[in-house]
Amino acid sequence: MSEVVRLTLVSHALTDAMSAGRFPTDEPLSPIGHRQVDASIDLGVADAAFCGPEKRTRQTAELLGLHAEVDGRLADLDCGRWRGDVLGGVRPADLAVWLTDPTRAPHGGESVVDLVDRVRDWMESQTTVRRRLVVVTHPAVIRAAILVALDAPAKSFWRIDIAPVSRTVMHFRGHAWTLRSNR
């Protein structure tokens with residue numbers, strides 16, 4: 001069957017929170033993050049571009065020369081009361097629960113399962129029209145999209161590394177997403 005949707009997911013560039021090992025807030029890109037983004041990065045031809053609502057995704061999209069529509073379903077994983085905290089400052093027992101049980105959100109935010117469901121809903125909403133999409137979003141959203149494409153369990157979420165400004169390409173053909181490449 002012919003290709004219905006080509007989805008290129010781009011991870012936002014580096015922020016100070018990422019460098020410091022802090023849970024994200026709505027922070028902008030760091031100076032290093034600004035230098036990471038090169039408008040000449042080949043994203044292919046896009047019929048539409050989207051980004052998450054946070055500053056870091058909007059800035060990355062802008063630096064890539066995209067006129068991206070903000071979509072709240074592409075927002076980062078909600079870390080609740082841990083926002084802005086250093087990873088090492090979280091109680092080890094709470095962190096262990098979060099990293100091993102994808103149904104739990106000890107921080108009062110969103111569970112990994114909830115994120116995967118949100119991303120799955122967004123991906124399904126994009127399958128009705130044949131087109132090429134570019135999405136600038138977060139590593140967590142890209143991990144969730146990979147799990148959806150592979151029909152992998154949510155417990156695999158933390159086993160996927162997504163680098164800043166990396167591209168992950170997927171195709172939707174007929175009835176399923178496929179992971180095309182991850183670079």
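Details
- Any hit, the stretch 89-108, residues being at positive phi and either touching a Leu at 6+ places or on another chain (Cβ under 9 Å) or touching a residue at least 60 places away in the same chain (Cβ under 8 Å) (or both): no
- Residue within the stretch 20-31 that is touching a helix residue (DSSP H, G or I) at 6+ places or on another chain (Cβ under 8 Å), closer than 18 Å to Trp158 by Cβ and not in a loop (DSSP other than H, G, I, E, B) present: yes
- In summary, Arg6 fulfils each of the numbered conditions (1) open to solvent by 50 Å² or more (accessible area, probe 1.4 Å); (2) farther than 20 Å from Ala145 by Cβ; (3) not in a helix (DSSP H, G or I) with the single exception of condition (2).
- Scan of the stretch 49-70 for residues that are open to solvent by less than 20 Å² (accessible area, probe 1.4 Å) and either over 29 Å from Pro102 (Cα atoms) or not in a strand (DSSP E or B) (or both), ordered by number: Ala49, Gly52, Arg56, Thr57, Thr60, Ala61, Leu64
- Odd one out for Val86 among (1) surrounded by 21 or more Cβ atoms within 10 Å (Cβ to Cβ); (2) in contact with a Gly (Cβ under 7 Å, 6 or more places away or on another chain): (1)
- Test: residue in the stretch 159-168 that is in a helix (DSSP H, G or I) and more than 12 Å from the chain's Cα centre (by Cα): yes
The values are calculated or read from the model by the stated rules, or taken from the named source; none is laboratory data. Everything numeric in this text was worked out from a predicted model, so none of it was measured. Note that we place each Cβ from the backbone using ideal geometry, even for glycine, and neighbour counts take in every protein chain shown. Ligands, DNA and RNA are stripped out before the accessible areas are found, and what is left, the full protein with its side chains, is counted by its heavy atoms. Shrake-Rupley method; radii C 1.70, N 1.55, O 1.52, S 1.80 Å.
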